[in-house]
């Protein structure tokens with residue numbers, strides 16, 4: 001049996017208490033992931049790590065928006081299509097595209113638009129892999145003579161890109177927002193694909209949802225590692241329906257201690 005790990009956004013800003021968007025529990029999650037890699041290197045045949053990566057002037061960052069007085073929204077502010085239509089929040093860049101994006105996001109039915117603290121900025125420490133995971137990856141590469149694969153997401157500033165396989169609202173003119181069929185083909189080569197990382201409520205959940213929606217051939221291979229992911233505080237309910245759908249479709253759920261047992 002061949003095994004691949006798909007590790008979502010195990011980066012400093014999410015996994016370190018000093019990170020810009022720390023997810024409580026993530027520090028322990030990433031240590032468990034690193035331990036799995038170190039203890040079972042011979043059984044892990046491929047590792048993909050994803051890297052949430054943003055510009056400062058991102059549609060989900062405060063500086064992108066202002067109210068009628070020129071004040072920027074605080075992190076964790078919700079901006080709705082109705083807010084924009086009423087002029088309560090105004091996009092400072094690509095005004096019409098941003099307005100359409102928020103309406104399209106709402107029409108999709110999964111999320112309304114949230115403003116996040118500036119996080120995982122291009123070239124910053126916050127965008128780097130957590131040290132414990134990085135050390136484990138280097139050791140695995142040395143032991144197996146294999147390189148891990150790193151896949152960036154989120155660089156297009158006019159759409160959130162929670163799931164690794166596609167932006168929340170793809171732009172037909174921007175290839176990196178479209179479905180990443182090459183990544184799906186890369187993973188489908190393996191018998192088991194273990195999904196883990198941060199955050200359970202957002203980027204892990206949406207990566208899982210995209211696999212359920214767009215890669216049915218991968219669904220029987222998926223294994224969700226439940227104690228290697230944590231929710232953004234107070235927002236875990238957003239993903240309940242995704243995990244329920246996965247269970248209904250017989251996706252396997254295990255704790256890290258049962259991954260290779």
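The values are calculated or read from the model by the stated rules, or taken from the named source; none is laboratory data. Just so we're clear, the structure is a prediction, and the values are computed from it rather than from any experiment. Using ideal geometry, Cβ is built from the backbone for each residue, glycine included, and neighbour counts are taken over all protein chains shown.
Taking the criterion of being at positive phi, at pLDDT below 95, part of a loop (DSSP other than H, G, I, E, B) and not assigned by TED's automatic domain parsing to the domain that holds residue 195, would at least one residue in the range 93-110 satisfy it? Within the range 93-110, one or more residues are at positive phi, at pLDDT below 95, part of a loop (DSSP other than H, G, I, E, B) and not assigned by TED's automatic domain parsing to the domain that holds residue 195. The set of residues in the range 70-90 being touching a helix residue (DSSP H, G or I) at 6+ places or on another chain (Cβ under 6 Å) and either surrounded by fewer than 18 Cβ atoms within 10 Å (Cβ to Cβ) or more than 12 Å from residue 60 (Cα to Cα) (or both) consists of 72, 81, 84, 89. Being surrounded by 14 or more Cβ atoms within 10 Å (Cβ to Cβ), assigned by TED's automatic domain parsing to the domain that holds residue 134, within 20 Å of residue 164 (Cα to Cα) and touching a strand residue (DSSP E or B) at 6+ places or on another chain (Cβ under 6 Å): is that true of residue 26 here? Answer is no for this residue. Looking only at the range 117-130, filter to residues that are part of a helix (DSSP H, G or I) and touching a strand residue (DSSP E or B) at 6+ places or on another chain (Cβ under 8 Å); which one of those is nearest to residue 52 (Cα to Cα)? Going through the qualifying residues, I end up with 127. The conditions of being touching a residue at least 24 places away in the same chain (Cβ under 8 Å), crowded, with 17+ Cβ neighbours inside 10 Å and either farther than 20 Å from residue 22 by Cβ or within 22 Å of the chain's Cα centre (by Cα) (or both) are not met by residue 55.
Rundown of residues vs (1) over 13 Å from residue 7 (Cβ atoms); (2) at pLDDT below 95; (3) crowded, with 19+ Cβ neighbours inside 10 Å; (4) over 10 Å from the mean Cα position of the chain (by Cα), yes/no style:
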| site | (1), (2), (3), (4) |
| --- | --- |
| 188 | yes, no, no, yes |
| 191 | yes, no, no, yes |
| 201 | yes, no, yes, no |
| 205 | yes, no, yes, no |
| 212 | yes, no, no, yes |
| 216 | yes, no, no, yes |
| 219 | yes, no, no, yes |
| 224 | no, no, yes, yes |
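Reported count of residues in the range 175-186, each being touching a residue at least 40 places away in the same chain (Cβ under 8 Å) and touching a helix residue (DSSP H, G or I) at 6+ places or on another chain (Cβ under 8 Å), is 0. Inclusion of residue 43 among residues that are more than 22 Å from the chain's Cα centre (by Cα) and under 30 Å from residue 131 (Cβ atoms) is warranted. Total residues in the range 29-52 satisfying the condition of being surrounded by fewer than 20 Cβ atoms within 10 Å (Cβ to Cβ), out of contact with any helix residue (DSSP H, G or I) (no Cβ under 6 Å at 6 or more places or on another chain) and not in a loop (DSSP other than H, G, I, E, B): the figure is 7.
Residue 95 satisfies every condition listed in (1) under 25 Å from residue 183 (Cα atoms); (2) out of contact with any helix residue (DSSP H, G or I) (no Cβ under 7 Å at 6 or more places or on another chain) except (1). In the set 146, 158, 133, 137, only one residue is closer than 16 Å to residue 41 by Cβ, in a loop (DSSP other than H, G, I, E, B) and either without any contact (Cβ under 8 Å) to a residue 40 or more places away in the chain or in contact with a helix residue (DSSP H, G or I) (Cβ under 8 Å, 6 or more places away or on another chain) (or both); that residue is 146. Looking across the range 239-261, the residues that are without any contact (Cβ under 8 Å) to a residue 60 or more places away in the chain and part of a helix (DSSP H, G or I) come down to 239, 240, 241, 242, 243, 244, 245, 246, 247, 248, 257, 258.
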